[in-house]
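Written out below as structure tokens is the structure these notes cover.
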Amino acid sequence: MSANKDREVPVRIIYRKKGHGAAHHGGAWKVAFADFMTAMFALFLVLWLVNQSSDVKSAIAGYFQDPLGRSDEFGSSITPGEGSQAAIVRPLKPADVVDRRRNRLQVMADRMENDVQSMPELQAVADKIQIRVTDEGLEIQLLEDSLGVFFESGNALPSMRGRQILALLGHELSGLPNPVLIAGYTDSRGYHRADGYSNWELSADRANTTRRILNINGVHDERFSQIRGFADNDLKDPGHPFAADNRRVTITMMYMPEDSTETAPSDTTAAPAGAAPPPPAPDARGRT
């Protein structure tokens, strides 16, 4: 009996706690989900802004910097209208956007005039280069004199000065994406060759020669919207139809296509890019 007691194994009782299912995580997942949605919203907003024009970006930046448009009244200073906040750009109105684009072209026009004035070889013909901003865009007129400044008389070949100024204009115009329109004009002196070549062909050939030189100097082919030849149907000096100033070539860097509805219409309605100009009407001398 005592031997059996020695062989007995003591009984051990193990208590195990029953589980109550998965632990409760609280609302942490909601915070993570909200952060994810915020990041996605920011991504889509950035992608949308990337595709907008610089003017729209400026307007949006101005709104977030000054939502109430009161920066002129309350700046960072105690005194109204003073301090760093007073210099913040206000949200742009449509008219302000047009003014900004026009001012940008005016800055380029001023720079071109300074470049022309700074080139000694062009001093003698600086008064024959007229640069201005019109309702169509930045217009550059190359006016001839009795001897022929930019083109040889009765010829579409440019002179040395003509090549120099067109190369300069090409470098300047290559910096912006605006479409370019080129037009040639003659005076009312009759010009006819045995092969039928007339002022119509001469004005168009000078405009096309101008296009080629601009293209060589940085203005890409896709930017040329129209090449026009007007002959003597749009005289610069109608009171003197034989005046040398009527012989000219104009280069117009037009506003971007999205600006056309915001700018004032010009006197001459331009045809769509790539469209052929309407056939000319015969004048008093029966020329067409």
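Scan region 224-235 for residues that are buried (at least 18 other Cβ atoms within 10 Å of the Cβ) and either of a type in the set (Gly, Ala, Ser) or in a loop (DSSP other than H, G, I, E, B) (or both) and jot them down. Within region 224-235, Ser225, Gly229, Phe230, Ala231, Asp232, Leu235 qualify.
Yes or no, residue by residue, for (1) at pLDDT below 90; (2) surrounded by 18 or more Cβ atoms within 10 Å (Cβ to Cβ); (3) closer than 24 Å to Ala231 by Cβ:
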{"site": "Glu121", "(1), (2), (3)": "yes, no, no"}
{"site": "Thr134", "(1), (2), (3)": "yes, no, yes"}
{"site": "Leu143", "(1), (2), (3)": "no, yes, yes"}
{"site": "Gly154", "(1), (2), (3)": "yes, no, yes"}
{"site": "Pro177", "(1), (2), (3)": "yes, no, no"}
{"site": "Ile182", "(1), (2), (3)": "no, yes, yes"}
{"site": "Arg193", "(1), (2), (3)": "yes, no, yes"}
{"site": "Gly196", "(1), (2), (3)": "yes, no, yes"}
{"site": "Leu202", "(1), (2), (3)": "no, yes, yes"}
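Rundown of residues vs (1) under 27 Å from Met256 (Cα atoms); (2) assigned to a loop (DSSP other than H, G, I, E, B), yes/no style:
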{"residue": "Val149", "(1), (2)": "no, yes"}
{"residue": "Asn155", "(1), (2)": "no, yes"}
{"residue": "Asn178", "(1), (2)": "yes, yes"}
{"residue": "Ser188", "(1), (2)": "no, yes"}
{"residue": "Leu202", "(1), (2)": "no, no"}
{"residue": "Arg206", "(1), (2)": "yes, no"}
{"residue": "Thr209", "(1), (2)": "yes, no"}
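The values are calculated or read from the model by the stated rules, or taken from the named source; none is laboratory data. Computed from a prediction, not measured in an experiment: that's the story for all the values here. Because the Cβ atoms are built from the backbone with ideal geometry, glycine has one as well, and the counts that use them run over all protein chains shown.
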